[in-house]
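Input: a single structure, listed below in structure tokens.
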Amino acid sequence: MTAATQHSGPPQRGPTRRRPLWRNAIAIAIVIGVAVILGAGLTFCAKQSGAPAGGGGRGRGGPSGGAAGGRPSVTVATSKVSLGSIPIEFTALGTVTPLATVNVTARVSGLLNKVAFREGQMVKAGQLLVQIDPRPFQVSLDQAQAQLLHDQALLTDARLDLTRYTTLKKQDSVAAQTVDTQAALVQQDEATVKADEAAVANARLNLSFTHITSPVSGRVGLRQIDAGNQITAYASTPIAVVTEISPISVEFSLPEDNIPAIVHNAHDGGHGLPVTVLNRDGGTTLAQGILETLDNVIDTTTGTVKARAQFANTDGALFPSQFVNVSVLANTLENQVVIPTTAVHHGPQGDFVWVLQPNQTVKNRPVKLGPGTAETVSVGSGLQAGETVITEGGDRLRDGAKVVLPSQHPGAGGAGGQHHHRHGGGAPSGE
């Protein structure tokens, strides 16, 4: 057998090369991952279309949520549209200002021998506050009265002489010059008596100044001087300061745009409009009063006009220079269509509300709003009393969407009669 014959049989294979095990593990992991992603996608699509995933259970679009477009129902809060009154109020920041603040000072100099008030005491007009030693002023009064009596006696004697000289002149027993001189002397004595009377009045007035009383009714402040000190008339430092507390006023500023509403709803520049004062935080009502007047000019730097309101303040709730919040009731609109402010939404086309339909779906309704408060607002057009609007949950709605009311259970009708309730308006979860 030749060499060629020996190699004519089937060729022999070389040693087989096997794939590494780590590559097989990677391939298996990729296949599993793709399968998981595909399964999740199918489940999501089934839930969105309302069909039960995997042929069992109830999806989100089932009996509890069959809304338009397959979306789940939203739990909402509602409110009836009603007729009510809307107050037209203007708010401002104000300062409590006393009607009178008086610095009590001495009008004569002397020794202060009595202080008749306590710091912070409520006093009435005419009540004694301090007493200056009256003895020097009593002496001056006595001297003035004595001088007056002396000069009155001289005047009486001069008048008697004038009467005698006048009679003698008629008898041609005395010269006319003597009569004229005596008449002039009488006039001089009359003038002297008048001056003496003025001196007596002045001395009596100074004596009364030693008895210092309160010029107004109010609260006395801190005492500035003690008894036993020598005080000077009209000193720069007052003996005491009396502030009128009841009644009291509040000064504030309003924008000039509010002037017509105030003037047109009250006579005499807004006099008599109700005014409410609240504390600094605006949470507590301190007093009720009336608007006294508006200022006669507008501040051109701020575009506001000053106003003053008066309060009885019999309980002392308002304190001078206190910072307060002021609310002026300019008018009250009656029989207005009123809804909660939470029912109003703002869109590119303007304001709108969600109106609940009889089939428990919602409809977008454009509205025109009027005046309102922090809680309610009036509707000029677009709604009627008796309709129902959505007050909570409206941000997740669209036109025609079905909603669930708070009194209903989103899970009603499910297997086993179980009820699933989600607070806050969320959709029921699938089972």
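Take the alpha-carbon centre of region 102-178, take the same for region 255-334, and report the distance between them in whole Å. Each part reduced to its Cα centre gives a spacing of 52 Å.
The residues packed around LYS306, meaning those with a beta-carbon under 12 Å from its beta-carbon, carry a net charge of -4 if Lys and Arg are +1 and Asp and Glu are -1.
Relative contact order of region 134-209: 53 percent, from C-alpha pairs under 8 Å at least 6 residues apart in sequence. Put simply, when 85-93, 396-404 are sorted by average Cβ atoms within 10 angstrom per residue, most first, you get 396-404, 85-93.
Of ILE26, ILE132, how do they rank once you tally other Cβ atoms within 10 Å and put the fewest first?
Numbers: ILE26 10, ILE132 26.
Lowest to highest Cβ neighbour count: ILE26, ILE132.
Taking Cβ atoms as reference points and 14 Å as the exclusive limit, the residues near VAL200 contribute a net charge of -2, counting Lys and Arg as +1 and Asp and Glu as -1. The peptide list 245-257, 98-110, put in order of mean Cβ contacts within 10 Å with the highest first, becomes 245-257, 98-110.
Kirkwood radius and radius of gyration were both taken over the C-alpha atoms of region 134-209, and their ratio Rg/Rh is 1.24.
Just so you know, all these numbers are worked out from the coordinates, no wet-lab data involved. Quick caveat, the model's predicted, so the values are computed rather than measured. As a convention, Cβ positions derive from the backbone with ideal geometry for all residues, glycine included, and neighbour counts pool all protein chains shown.
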